[in-house]
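A.B. asks: Here it is, the structure, as structure tokens.
The values are calculated or read from the model by the stated rules, or taken from the named source; none is laboratory data. Keep in mind it's a predicted model, so treat the numbers as computed, not measured. Backbone-built Cβ (ideal geometry, glycine too); neighbour counts: all protein chains shown. When the accessible area is computed, the model is the full protein with side chains, heavy atoms only, and any ligands, DNA or RNA have been set aside. Shrake-Rupley method; radii C 1.70, N 1.55, O 1.52, S 1.80 Å.
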Amino acid sequence: MNCSISGEVPEDPVVSKKSGLLFEKRLIERHISDYGKCPITGEPLTADDIIPVKTGKIVKPRPVQAASIPGMLGMFQIEWDGLMLSNFALEQQLHTARQELSHALYQHDAACRVIARLKKERDEARGLLAQAERQIPMAATTAVGTTAVSNGKRAAEDEDTGPDGKKIRPGISHSVIETLTECNAGLSQQRKKRQIPATLAPVDALARYTQLNSFPLHKTNKPGILSLDIHYAKDIIATGGVDSNAVIFDRPSGQIISTLSGHSKRVTSVKFAAEGELVVSGSADKTVRVWQSSENGNYDCRHVLKDHTAEVQAVTVHATNNYFVTASLDSTWCFYDLASGLCLAQVADASESEGYTSAAFHPDGLILGTGTSGSLVKIWDVKSQANVAKFDGHVGSVTAISFSENGYFLATAAHDGVKLWDLRKLKNFRTFAPYDENTPTQSVEFDHSGSYLALGGSDIRVYQVASVKADWNHIKTFPDLSGTGKATCLKFGPDASYIAVGSMDRNLRIFGLPGEDQMEG
């Protein structure tokens, strides 16, 4: 008994009253609902015209393929092929899903890195904004306290200028001169009793110095350290960089204490003052800034001094820690009161037009040495601001100048090397020309005891200080590990226990005895 529509044995058989034909119930009901007639005879037919047929449980006959072993193997083969095709499709879908997941993870990682960089830039911007907000009220307070104010602006500049158009300076008063003279007398008296400290590093120790550390203090996009200074009591180092920042660095811990941001161009000179509570920085942006230490360890800008009209090349602090001098390419040097930031005197040499490229106070404080872009070394009497001596003989700009603590040796560096001058006879008694004519000497420095001299150019060389007639022993040559060939600045640490070197990369390098550095750490 087969269904008249499908030709197969029906699972739910029904029979038509009118034609007597057998159908599958679900098929005939769908046909009646669609056409309303018998699919075989074409007579009208309704759902009431079909009668269900009661049957026992139907066992479907075995298909022909399953009736023999070859047929069954063929069925299995077909099912296996279908399974393999299905498995292949699933593997393709899995591979696609893995690729999509890998791409999504890569995008997520890139997004995380971008977010981290943006957060860092946001934090730096917030720090700069907070620092600027701290500096603005401080600068405003200073302006109110020292100048006449009209409508929130400084009084007209022409009120402080003379007939020649130059600013009128108050001058170095008698009280200031008395202070300088008393300081000079005290230091001179101490110098007569001066003895080499027992804690000074011996010559054989310096001969074994090697690089201990290299600290990346400045930005990579504008590398270069142009100046450095060390505060011996605190053992902290200040550096000035091409990136327009000055950095205060704690050497024992290897941590940056503060980054001084405010200059718009490279920082050419940096000095500590007032027991390390103040830092004075000079810059190619023609300004000098005085920074003061705060309770949180940062240094805030206290004064911005704009008395020069060209790059400020050097800053030097007087032994009283109350005054400092700046030297500029505008051919003038300025004498400042440190507390108020007031320029007491601005000195120009009418006979010369070269700018100043270096400057340093004599240890006693009444003599100032300056180097010029015209190869001259000038010695000034601070009290009268008179040029009392000139040394010539160099080639190129005088890049560095250093007085010995013994009071009568002066070392100057220029393109042609280092010259040593005897201040008692005003004569050059020795010349070091360590490099060829294309390699300038960038820096020169006596240690605080006056026992050693270091110079820097394409490498760093250390000499033992002797008398005018005796030979100065060459102790050690350190290679310039920056790879730039320019050791721009250097300074001996306390008791010559280490040598700090800045080069035209962004790293501050410390040379010393390895064992001592590990013990300190």
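A.B. asks: Can you work out ³J(HN,Hα) from phi for every residue in region 105-119, in order, using Karplus 6.51 cos²θ - 1.76 cosθ + 1.60 and θ = phi - 60°, giving whole Hz and x for Gly and Pro?
C.D. replies: My calculation for region 105-119 gives 5, 4, 4, 5, 5, 4, 5, 5, 5, 4, 4, 4, 5, 5, 5 Hz in order.
A.B. asks: If you count only protein heavy atoms and use a 1.4 Å probe, how large is the accessible surface of residue 264, to the nearest 10 Å²?
C.D. replies: 90
A.B. asks: Using protein chains only and a probe of 1.4 angstrom, how many square angstrom of residue 72 are accessible, to the nearest 10?
C.D. replies: Here the residue's solvent-accessible area equals roughly 80 Å².
A.B. asks: Taking region 13-60, how many lysine pairs are there with alpha carbons less than 22 Å apart, if each pair must be eight or more places apart or span two chains?
C.D. replies: The number of close lysine pairs in region 13-60 is 9.
A.B. asks: Rank 492, 76 by accessible area, highest first, at a 1.4 Å probe radius?
C.D. replies: In descending accessible area the options line up as 76, 492.
A.B. asks: Could you list the trypsin sites (Lys or Arg not before Pro) in region 436-515 that lie in coil according to DSSP, counting only those with at most 15 other Cβ atoms within 10 Å of their Cβ?
C.D. replies: Listed in order of number, the matching sites are 469.
A.B. asks: In terms of solvent-accessible area of protein heavy atoms at a 1.4 angstrom probe, what is the ranking of 510, 32, 51, highest value first?
C.D. replies: Reading off the accessible areas and sorting them downward yields 51, 32, 510.
A.B. asks: May I ask you to list the lysines whose Cα is less than 30 Å away from that of residue 119, ignoring any residue fewer than eight positions away on the same chain?
C.D. replies: List returned: 219, 222, 265.
A.B. asks: Given (1) 1.54; (2) 1.16; (3) 0.96, which label gives Rg/Rh (Cα atoms, Kirkwood Rh) as computed from the coordinates?
C.D. replies: Computed from these coordinates, Rg/Rh (Cα atoms, Kirkwood Rh) corresponds to label (1).
A.B. asks: While we're here: Near the amide H of residue 37, under 5 Å away, which other amide H atoms are found, from residues 5 or more places off or on another chain, if H is placed in the peptide plane?
C.D. replies: Close amide H contacts, sequence-distant or interchain: 45.
A.B. asks: How much mean residue ellipticity at 222 nm does the chain get from its helices, if each DSSP H run of length 4 or more adds -39500 (n - 2.57) and you divide by all residues, to the nearest 500 deg cm²/dmol?
C.D. replies: Calculated from helices alone, the mean residue ellipticity at 222 nm is -8000 deg cm²/dmol.
A.B. asks: Please sort by residue number the chymotrypsin sites (Phe, Trp or Tyr not before Pro) in region 212-290 whose DSSP state is loop and whose Cβ has at most 16 other Cβ atoms within 10 Å.
C.D. replies: Filter output for region 212-290: 232.
A.B. asks: Report, in whole Å, the centroid distance computed from the Cα atoms of region 303-333 and region 409-443.
C.D. replies: Region 303-333 and region 409-443 have Cα centres spaced 24 Å from each other.
A.B. asks: I'd like the trypsin sites (Lys or Arg not before Pro) in region 1-42 restricted to DSSP loop residues with at most 11 other Cβ atoms within 10 Å, sorted by number.
C.D. replies: Hits after loop and neighbour filter: 17.
A.B. asks: So, one more: What order, most packed first, do the peptides 362-375, 81-94 have when packing is the mean number of other Cβ atoms within 10 Å of each residue?
C.D. replies: 362-375, 81-94
A.B. asks: Can you order the peptides 216-225, 122-131, 397-406, 422-431 by their average number of other Cβ atoms within 10 Å per residue, highest first?
C.D. replies: Result, highest mean first: 397-406, 216-225, 422-431, 122-131.
A.B. asks: Given charges of +1 on the Cβ of Lys and Arg and -1 on the Cβ of Asp and Glu, with all other atoms neutral, how large is the dipole of region 407-457 about its Cα centre, in debye to the nearest 20?
C.D. replies: Dipole size: approximately 340 debye.
A.B. asks: For 394, 448, give the ranking by accessible area with the largest first, probe 1.4 Å.
C.D. replies: Correct descending sequence by accessible area is 448, 394.
A.B. asks: When the Karplus curve 6.51 cos²θ - 1.76 cosθ + 1.60 is applied with θ = phi - 60°, which whole-Hz ³J(HN,Hα) does each residue of region 472-488 get, with x for Gly and Pro?
C.D. replies: 8, 5, 7, 8, 7, 10, 9, x, 7, 7, 6, x, 8, x, 9, 8, 7
A.B. asks: Rank-order 307-318, 102-113, 197-208 by packing density, defined as the average count of other C-beta atoms within 10 Å over each peptide's residues, highest first.
C.D. replies: 307-318, 197-208, 102-113
A.B. asks: Taking amide hydrogens as modeled 1.01 Å from N in the peptide plane, which residues meet the under 5 Å criterion relative to residue 488, leaving out close sequence neighbours?
C.D. replies: Result for residue 488 returns 502, 503, 504.
A.B. asks: Tell me which lysines have Cα within less than 19 Å of residue 271's Cα, excluding those fewer than 8 residues away on the same chain?
C.D. replies: Candidates past the 8-residue exclusion: 234, 286, 306, 491.
A.B. asks: Would you work out which of 435, 82, 293 lies farthest towards the positive end of the dipole of the chain? Charges go on Cβ: Lys and Arg +1, Asp and Glu -1.
C.D. replies: Going by the charge dipole, the pick is 82.
A.B. asks: Taking the Cα centre of each part, how many Å lie between region 101-131 and region 462-521?
C.D. replies: 40
A.B. asks: While we're looking at this one, here's another question. Charges at C-beta only: +1 for Lys and Arg, -1 for Asp and Glu. How large is the resulting dipole of the chain about its Cα centre, in Debye rounded to 20?
C.D. replies: Computed charge dipole of the chain: roughly 260 debye.
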